[in-house]
Every structure is written in structure tokens, then in C-alpha cells.
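Written out below as C-alpha cells is the structure these notes cover.
Read-outs throughout are calculated quantities, based only on the coordinates presented, and are distinct from any laboratory measurement. None of these values were measured; they are calculated from a predicted model. Neighbour counts are summed over all protein chains in view; Cβ atoms, including those assigned to glycine, are modelled from backbone coordinates with ideal geometry.
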Amino acid sequence: MTTKLMGTKVQRVEDDRLVRGTGRYVDDVAPDALHVAVLRSPHAHARILSIDVEAVLDIEGVHAVWTYEDLDGAMAEPLPLLIPHPTLTHGRTQYALAKDEVNYVGEAIAMVVADNRYLAEDALASIVVDYELLPAVVGIETARAAERLVHDDVPGNVAARMEQSNGDAAAAIAAAPHTLSLDLAIERSACMPMEGRGVVAKWDADNGRLQVWSSTQTSTGVRAAVAAKLGLDLLKVDVITPDVGGGFGVKINHPWPEEVLVPLAAMRLGRPVKFTEDRREHFISSAHERAQLHHVEVGFDDDGRVLGLDVRFWHDHGAYTPYGLIVPIITSTQLLGPYKPGAYHVQFDSLYTNTVIVTPYRGAGRPQGCFVMERTMDAIAASLGKDRAEVRAVNFIQPDEFPYDHGLIFQDGRELEYDSGDYPAMLTKIKDLVGWDEFEQFRAEMAGQGRRVGIGLACYVEGTGVGPYEGAHVHIETSGKVKVATGLTSQGQGHQTAFAQIVADELGVRFEDVEVTTGDTRRMPYAVGTFASRAAVMSGSAIHKAAKKAKEKALRIAAEALEADVEDLEIADGVVSVRGTDASIPLGTVAVLSNPLRYAFDEASKAATQFSVGDPGKPPVAEGDEPGLEGKDFYSPPRSTFASGMHAVIVETDPDTCEIKILKYAVVHDCGHLINPMIVEGQIHGGVAQGVGGALYERMAYDESGQLLNASFMDFLMPYVTEVPTSIDIDHLETPSPLNPLGIKGAGEAGVIPGSAAFAAAIEDAERLSITAMPISPSELFALRQAASTNAGETP
Amino acid sequence: MTEKTHELRLTVNGVTHELTVPARRLLSDALRHDLGLTGTHVGCEHGVCGACTVLVDGKPMRSCLMFAVSAVDVEITTVEGLAHQDGSLGPVQQAFRECHGLQCGFCTPGFLTTITAGIEENPDPTEDEARDMIAGNLCRCTGYQNIVKAVCRAAELKAQGADR
Ligand code: FES
Ligand code: FES
């Protein structure tokens, strides 16, 4: 029997091409393409009075210049509102090219197609736009005050107000022996993949077919959007997602203006056309996330048990709402984490501002939710003088309470019902890993050296693997090689490796013989996309099911050929054999037999021609059967799986400079069964680094007129190696999900979720100052120290 | 108005190419678009991320901060030139693969070239020195943990004479 690959650290098949520089990213395809540059609004809020493009057309090397006036049909309609929701009463989306008004710095106004990007950018400088400036709405407080409006027809700047509850939280809080209220804030940040957005299109006039490459997290989504916008039949559009240089959420939004404009240009001009976003454009014209203000009311008993929790929050979604309410819905439900408050009520307003739109960024509203809940737990512990871990423990859902129904509706429209988990065991592990119980001793030692340290802990639960479905196709070639396709896309998660592991295990073939294609609508036209840590759960399960089907067929055909019982067969290393005998047949030969042929084109196919195989008394392909050795299947779970984790961090704060140093970072993680622990740990490392960025460095610095002041890597501070922990201690817990055949839960986003919560707790513990807003910089910490000492009437 | 162009020779990975480009053509664009060497990536085009790093006479340089016309009379090495003559992976490439030092792979070419020069200069780096070596390159996927390991492993592979 071949050894199982599931759960082992298999090296990635992706790496060979990527380390040689022979990967294929979207800007690498179609070297002969014309290039697009986009004129973007320099103002956060303005009416467009006129646009003069006259001068552009005379520039040599320019092929086209278009504004809204040049769009017609569906292209002249606003871009789609992808995820409508009944409470999203005032959803608005932008036009591919601005019509009459712009609502954020960076909004697309005109596009130029030229021989190369240099010329296209030159040409942009010749476009003259006359604007009437309008006052900008920047920041949640301004939006909430609603003295000025982003959209004239949206009162109060409120796109949606949503409310959910389980029990009577207000009554529970009123009756509770202790109460607290907290105000908590998280600032804007962004995914910032190293590769920005990009799209290439080729119109094949001979075949009447459009081919699009996009650096997207959903090729099927882009395909449907392009077909609808350009009025093409879906079957005339192919979308291919090549290697993608990171996504982290931003690339799930679609179609971007350029994703429909570039195909349109390719069709109109009859030439391949390319758009490659530059870094400044990525800052001002893709998407951000995270900005929210929260107000918490909580009532609890003497043990710290939460009796009632009431959370009111305000979400800044930027100028438009193409991605609906997904982020705040996730915050409102996932902030509950591993806990079971006696009663819960949550209400949020999703607000317009004259800033870049919001789409999920790794964690998608969970880092904020986790921050709110964990700050609340710490505040309860502080007010009762109890150990912070103990307060958490009394609030945990217990292992025998699964499935646990929170009585709320989750982001997928399904019940928020946790499938499995073991939070007490996890708490024990994280305490051991970080040295929770020994910390006071360490603190004393450090204090002896004049050093100030603190420890923080944060717990989360993450709904992963949301539906609706993913599919897979497994095809066994006559060479015995196995070609697998699934429709969702890859941005560095190693899907080609992890999915090949699943197939190799299920089919009994060599790992090397399995080749996985993702994100190519020609190979698998039905798919949803890569987000919400769903790829392993959704496509992993679909691939497992499809491989199983292919295997069943292989065994059936092999049993006939070997004149044996299916039950007596096994497959190993790509060979089907009768257990305990020498009788065997390679899978490739089974593939030959599966396809009755009239024509022989090579040695293998000779064996399958009509005079060689089959019972002359029966149809060559039996009723209900199909030629070929293939399996296709879909996986569509009733609801999400729920992964969980706990992070703990020890920080040191400099008594003079307020510098915040990470001394230890520990992670316990439960994503069910692991397919490839090496890949899972890599995902955690990357998530933790983004968590560090979100907690200590990254923020979008908008001024009050809506200019993004730090739209470059020089000013938006992403962690280098010098900012991340020198090591990350990781321990796993594996509580398998009962919802899918492999018992997996998904791990992509986990690492980032508790970052801000854990750091805030650790800094608070070191400084004895209440930390209520993240990220926090040394100068902000300094200001907090100043304020505290002023309040205490001491000299700083 | 037609843009003035210049004829030049670029020596990349031991091969000399002739091309005609405007003075403002970035070396990164010339490599990627004129020579088709798309292994060199651009992540920022303002010199901060290091994705576009190539070796110029063995020294790491950001090709987005150089004009192609200024890269004549030097030997340029890109990621495509890091494998052994026989096609097998070079020590840094091999180490990245073994240590899972890459995820999306977009930043990777810049790290590979930077480290190639780094372990040439310091053949036996400590972990701290490994961190120093890569402190000017951004990666958004890996959290750097495995890249640091890969630096040390690459030095080891090179010393073992895996570097034929
Ligand atoms: S692209 Fe050259 S440093 Fe970022
Ligand atoms: S591997 Fe994706 S940016 Fe480094």
C-alpha cells in the first residue's frame, strides 16, 4: 500500500517553477499586448463638469481614449452589487468609468490604450477634467455625524443597519451583578499583496471567443461578470487565473473596472490588451478593510461569566458597497469566539466615506471582533482582579456542547452553528507553550533589570469553508497520469500540492503523477472562489469525492479485465492488483479499456479498438456509463466548519522610547485534520506577520480632504523580517470536522485574527494602561503614558 | 512626437542582447518586456520591496531604480540565471524549496538574488546575520520565518559543494 500523504510535509510542486523564475503571473502573459493606463480622480469628492480628451488622440502610440461617454449597454450601468442583503437598503456601486461624480481619490475616470505603459501614462497627462469640488466625508465620526453626505440620496451616510440577538441582552445586563462599558477602535489597513491587480484580454475574432487572464480570487466570478457586461454568452468567455502574487482578500472583489474595460478594449481594438496595476494604484483604487468603532456593554457574574453582551458598532465601507455587508456581518457574529454569553445583542451601521472601498482582508472582520471580545474579557478580569485565562475558561463552550448553535445567522445566510472544537484543551496548550503560569516570575526578573514586560492572550473561532460549493474533475490518462481540475484559484496556498496529496491517497497513484489545475474556467467552469479559508475544505472535499468516483470506475473496469471481485482489488503506485496474487493491471491500461475506440493512434489505443475489446453482444458503452476514466463531483456542505485558535504574546516596552519589542509569540491552532502541516504552518507564519503589521504598524493615513498620505511602501509600514517575531512557537490540536469527508477546517486566515487583541493585552499588561485602539505606535504609547501621568498628577 | 531611442547591449545571465529603448526605460521593464525574462518581478517600482532585485556584477541592485541604458558594460544576473549549468536548482533555490521559503513566489526572485550575493560575501551566516541579509526585502506571505531558515540552509548547501 502506498504510504498516506495526508498529514505529511510534502514539498511543494509549485516551487520548482517559482524559484526558477518561470512562473507565469498575469503581467508575464501576452508580451505583445497594448497597455492600459487609467486616469484616476485626484479628489475625494467632486462633480465632473467636463472631460476633454482631444489632445490625447494626436499622441503617437495611443490607440484609444475612453470616458463614460464611450460606454454603452451594460457597460454604462453601475458595476454589480455582488452580495445583496435585505438590510443593505442603500447599496451603491461605481461605474467602470466615473459618470458625473467621483467619490474617492483613485476612482477611475478615463482610460488610455497605448503601445506601452509609458506612453499611456504620458497620454493621461493630456486629459483635462473640470471638477466642482464637494466636501469630503472621511472617518467614521464624520460619516456618523452626517453633516455632509457621500451620496446625496443616502441619508445619514448609512448604507445598512443590521441587528441580531439571542436572548434579551439588555435585561441580562441590567440584572447582572457587575457591568462594564468599553469603546474600542480599529483603523484601516489593507491586504497589500506583493503583486497588484492585473488583467489581460485577447479577442479571438476567428473563433468569436474572448480569453481573459486575471489576477483574481475567482475566475468563474470574473467570467460571469465579463460575459454579462460585454453581452457575450458565458460559453464564449474563458477566464484563466495564472500564478497569483498574493491575494489576502482584495482580489475576491470583481469585476474591477479594469476587468471589464480591458476585455472591452481587446474586442474593440482587435488586439491583446493588458492592465497592470502599479503600487500607488493599488493603494488608492483597489480595496482596504478593518476600520470600525465599537461600543460594548457587558454584564457578568462574580466568576466573570458573561450574562449579557450588547455590542453596537460602526463600519466604514468606503465610497461604494460592491461586496455588500460581509465584513461587518462577520464581525457581528464571529466576535463571540469560543464563548457563550447568556444573551447577546449586536447592531451595526455600515457607513459611506469618501475613501477607497472595503472588501475582506484576511480575517475579514474577525480581527475586529476578536479585539472587541478579548478586550472585554481582559476588562472583566481586571475589574474582578482575576486571572485573564480563568475568566476566559468560565465562558468557554464545552467540548460536549457541540454542535453549538449561537442562535444567529452567519455570513453565508446559514445558522451560526459550531461543528466541533475543544477550547479548554487549547487553553491548557497555549498556557504551557507561552509559559503563562511562570510569567510573574519572569516579569519580576525583568523588572530587576529595569525592563518592562507584559503578556497577552487572545482566542478566536473562525467560520471557514463557507459554501455554496466547489467542484472537481479527475481524469486518468492512458499514460496513467492523473489530471485534476478545480475551479477556485490559488494565490500561494500550495493547492497544487495539497490537492495532489488528497488524490494520490484516494486513488493510490504516485504523487508525481498527479497534476492539479486551479482557476481555469476551461477546465472547471463551476466554482465560487478562494476566500474565507475555504479552499482546502471545499475543493479538497470535492477533489476527494471526484477521485473516489474515478477510483470506483477504475475498479469496476479492472475487475472485469482481471476477472476478479472489486472487493479483492487494491490500487497502489498506479497499478490495480488482486490482493495476494500476481494479477494486476496498470491504471493507464484501465483508462484505455474505459474508452472503446474505432481508431488506433498509438500502441495503447490498439488495445481498445472495436475488434479487441468488449462483449459483441452488448453496447460498447453501457447504458448509464460514459467513455473515459474520469470522476467529477461537487461538495456543498450544509454550513461552515469552525476552526479555532489561541495566540499568546510576550512584549517588552522600552521605558524611554516606548518601542514595543516581541519577546515570544505562541500559537495553538485547530483546523481539524491537516493535509500538509508545512503549508499550514507557513499560513500561520504569514498570518502572524500580518497580525503584527495590523497591531503595531499598518494604517491608512487619510487626511480630512480624503487624500491618502501614505500610499507607498515607503510610508505604509509593512513588516520586514526585522519587525516579526524571531520565532513563532506553534502547537496543533486536531478536532476533525464532522461536516466533510476529510475532517478538515481550513487555515488560511487564522494567523492574523487575534493579532491586535493579543498585542493590546500584552502592552496593557506591561504598561498598566488601558489600550482601546489599535494599531498602536510608540508615539501613541508615549501619549498614553503622558495622559496617564497627567491624570495621576505626576510629572511624566 | 516620436520618443528618442538608444541602441544598447545588455549582458544577462551570460548572454548578450541587443535592444533599442528610450532613455527612460527601466531596467526591470527591459528585462521583463524587451528580453522576456519575466522572472524578475516588480512589487512597488519605488525601490522599497526588493522584488526586482538583480545582480549587477554580483552585487544586488534594484532593477526598478535603474535605467536600462545605465546597465551596459556590466554583467546582470536574474533569477533565471541562478540554476546550475545542468539545469538543477542552485543552492538558494534548493534551500527555498526545502524550507518552504515561498508561498505565492512573487517576492521570491528578489530574495534569491539578494541571498545569492549575501552568502557569497558571508558563507556561514548566523540566524541574525541571515535576518540582516534579507532585511531590505518585503514578503507578504511567509512571515519570513522560513526564509531565514532558507538562508542558513542555502549557505550549508553551497558549502557542501552542492554548488558545483
Ligand atoms: S519593485 Fe523595485 S524595489 Fe520594489
Ligand atoms: S511569497 Fe508571496 S510575497 Fe513572498
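In table form, for the structure just shown:
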read-out: Sorted by Cβ density within 10 Å, fewest first, the residues A:Asp238, A:Asp32; value: A:Asp32, A:Asp238
read-out: Taking N as its residue count, the alpha carbon Rg of region A:415-555 over 2.2 N^0.38 Å; value: 1.55
read-out: Proxy reagent accessibility, fewest Cβ within 10 Å first, across A:Lys745, A:Lys274, A:Lys664; value: A:Lys664, A:Lys274, A:Lys745
read-out: Percent breakdown of C-alpha pair distances by 10 Å bin, ordered from the shortest bin, for chain A; value: 3, 13, 22, 23, 19, 12, 6, 2, 0, 0, 0
read-out: Surface/4 estimate of mean projected area, convex hull on alpha-carbon atoms of region A:508-558, nm²; value: 4.5
read-out: Cα-projected label distance for A:Asn207 with A:Glu659, points at 7 Å along beta-carbon direction, nm; value: 5.9
read-out: Within 10 Å of each Cβ in B:154-161, the average number of Cβ atoms from other chains; value: 0
read-out: Separation of the A:Asp183 and A:Lys4 label points, Cα + 7 Å toward Cβ, nm; value: 5.4
read-out: Range of Cα positions in chain B per principal axis (Å), largest first; value: 54, 32, 24
read-out: Shielding by partners - mean other protein chain Cβ count within 10 Å, residues of B:45-56; value: 3
read-out: Alpha-carbon Debye profile of region A:307-395, log10 I(q)/I(0) at 0.12, 0.21 Å⁻¹; value: -0.42, -0.98
read-out: Extension reserve of the B:Gln85-B:Val15 stretch, reckoned as 0.36 nm per residue once the Cα distance is removed; value: 23.8 nm
read-out: Inter-label distance for B:Thr126 and A:Leu384, nm, one decimal - labels placed 7 Å from Cα along Cα-to-Cβ; value: 4.6
read-out: Relative exposure of A:Tyr469, A:Tyr460, A:Tyr702, judged by other C-beta atoms within 10 Å (fewest first); value: A:Tyr469, A:Tyr702, A:Tyr460
read-out: Packing-based ranking, highest mean first, of A:331-343, A:93-105 given that Cβ atoms within 10 Å are counted; value: A:331-343, A:93-105
read-out: Å³ per residue enclosed by the Cα convex hull of region A:115-179; value: 236
read-out: Span-like helix ranges in chain A, DSSP H, alpha carbon extent 24 angstrom or more, Kyte mean at least 0.0; value: A:366-384, A:535-562
read-out: Extension gain (nm, one decimal) between A:Val13 and A:Lys606, 0.36 nm per residue minus Cα-Cα; value: 210.1 nm
read-out: Distance histogram in 5 Å bins (all Cα pairs of region A:708-796, percent per bin); value: 2, 9, 12, 16, 15, 13, 11, 9, 6, 3, 2, 1, 0
read-out: Over region B:5-82, volume per residue of the alpha carbon convex hull, in Å³; value: 74
read-out: Spatially proximal lysines relative to A:Lys99 (Cα-Cα < 28 Å; intrachain offsets below 8 disregarded); value: A:Lys202, A:Lys229, A:Lys251, A:Lys274
read-out: Region A:401-548 - charge dipole about Cα centre, Lys and Arg +1 at Cβ, Asp and Glu -1, debye rounded to 20; value: 540
read-out: Length released on extending from A:Asp153 to A:Asp703, taking residue separation times 0.36 nm less the Cα-Cα span; value: 195.5 nm
read-out: Global geometry of region A:1-136, whether rounded, prolate or oblate, following the gyration tensor of its Cα atoms and the 1.5 cut on a/c; value: oblate
read-out: Average other protein chain Cβ within 10 Å of Cβ, residues A:721-730; value: 5
